[in-house]
Amino acid sequence: MKNSVIKAYMRLCISILLILLLIIAVVEIIMFKIGRDEVDIYKVEIGRVEHELLAHAGDPGFEPDVSAYETILGVKKSENKDYFITDSVSAADPEFFYSDNAYVIRDIAGTLYRIEYKADPEGESRRAFLIVNIVIAGMVIAVAIVLFYIYLVIIRNFHKLSGYPSELAKGNLTAPMKAEKTRYFGRFLWGLDMLRDKLESEKNENLELQKEKNVFLLSLSHDIKTPLSAIKLYSAALRKNLYTDPGKIREVAEKIDENAGEIENYVAKVISTSGDEFQSFDVRDGEFYLSEAIGVIGSYYSDKLANIGTTLTIDSYNDILVAGDRDRFVEVLQNIFENAIKYGDGRFIGVSFEDEDGARLISVTNSGCTLSEEELGHIFDSFYRGSNVGSRGGSGLGLYICKKLMARMKGDVFAQILDGEMQVTVVCFKR
């Protein structure tokens with residue numbers, strides 16, 4: 001797993017570099033072809049000028065338009081008409097042969113013409129070719145540096161961290177996270193270390209709780225044995241008709257009832273203890289803006305509900321500062337939404353808001369409620385599951401947890417059935 005990350009990144013780097021080399025090769029070929037074309041173009045244009053002069057040989061005032069050419073700088077006609085019979089042409093017309101530019105001399109219809117052109121187009125192409133190569137080389141080096149930086153700062157560090165979540169999953173909670181100096185993994189490592197601390201804390205709490213449970217059950221079983229033995233003795237005596245006096249029989253019945261009540265008290269203690277376990281939620285006493293919690297819920301469930309074809313509507317509201325723990329409040333809304341998704345008919349879920357006596361009421365309504373009014377009062381009890389659950393999975397703790405969390409935040413949660421729709425309302429108080 002760890003090595004596969006680095007190998008995959010190396011393959012990606014090699015692919016990028018190969019693509020860059022392919023692009024460079026294509027650019028080099030194009031530039032080489034353009035350079036050759038630029039070297040040959042001045043020869044073509046000199047030929048065009050010659051044909052133009054030849055076509056206007058009978059017009060003494062004709063001068064070709066050099067602006068129509070890319071490489072032709074000028075055309076000069078010799079004023080010496082008898083140049084061909086002189087011993088020295090340069091002596092006959094010395095200025096004609098002097099120019100700072102490269103040129104060729106052409107005899108056109110008995111007249112000399114000096115055609116000047118760009119002296120070194122090939123040199124300019126080479127310079128452009130060199131500049132392009134330097135830019136490309138700089139880009140390749142920059143890409144290589146960036147890829148190496150990503151490896152040093154991200155990939156290598158991720159390689160070190162990739163095994164940590166699996167260690168947490170295995171229950172290895174003793175090793176703390178090493179601090180990371182770069183800014184890319186700081187918050188991630190902080191979150192993982194918080195998760196490790198929380199898992200370790202919960203593990204210790206569960207071990208302690210299991211120990212207390214075992215002690216409690218041993219003590220309870222011992223305490224129940226005494227009244228249970230008495231009930232068995234009294235019932236055996238009654239079964240054998242050992243008591244014939246009505247007063248004595250009534251006294252035995254009262255003893256049986258007394259011992260049964262004692263067992264009932266032990267059972268009630270067990271139920272109470274089981275319920276109290278869920279009251280150990282850690283709720284922070286603070287404040288948050290309502291929009292922070294609603295934003296998280298809207299962002300998550302808008303996509304989730306869209307995928308299953310359920311319409312989600314969130315009414316507009318005025319933002320307020322709410323007393324309580326934002327994360328726990330989001331957990332409450334998530335539990336209510338999950339219930340609405342699980343037990344509704346999937347047509348729509350709506351969120352509405354209302355103000356009442358310094359409190360904000362947030363109601364989550366879903367279509368398709370099949371719960372009876374008689375069962376409505378029990379949906380916030382621990383482990384209670386209504387008759388509408390069918391084959392759906394669940395523990396019957398979602399709304400119970402909501403009730404406990406809101407109580408710890410000095411709020412409340414209640415439910416009602418309105419025209420065949422289920423509505424669960426959370427009451428939170430303004431700060």
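None of the figures in this text is laboratory data; all of them are computed from the coordinates on show. These numbers were taken from a predicted model, which means no experiment stands behind them. All Cβ positions, even for glycine, are placed from backbone atoms using ideal geometry, and neighbour counts span all protein chains on display.
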### Query
Each residue of segment 8-13 in order: what ³J(HN,Hα) in whole Hz does its phi give by Karplus 6.51 cos²θ - 1.76 cosθ + 1.60, θ = phi - 60°, with x for Gly and Pro?
5, 5, 4, 4, 5, 4
### Task
Would you pull out the residues with amide H under 5 Å of GLY74's amide H, same chain only if 5 or more places away, H placed 1.01 Å from N?
GLU116
#### Entry: Estimated FRET transfer efficiency when R0 is 56 angstrom, pair ASP357-LEU22 (beta carbons, to 0.05)
0.20
#### Entry: Other-chain or far-sequence residues with amide H under 5 Å of VAL413's (modelled H)
VAL427
### segment 285-308 versus segment 353-386: alpha-carbon centroid distance in Å
19 Å
### Task
Please list, in chain and number order, the residues 5+ apart from TYR289 or on another chain whose amide H is under 5 Å from its amide H, with Hs placed from the backbone.
VAL322
### Task
Quick one: what are the phi-derived ³J(HN,Hα) couplings along segment 378-385, Karplus 6.51/-1.76/1.60 with θ = phi - 60°, whole Hz, x for glycine and proline?
10, 5, 9, 7, 5, 6, 7, 10
### Query
Whole-Hz Karplus ³J(HN,Hα) for segment 203-216, in order, using 6.51 cos²θ - 1.76 cosθ + 1.60 and θ = phi - 60°, x for Gly and Pro?
4, 5, 5, 5, 5, 5, 5, 4, 4, 5, 4, 4, 4, 5
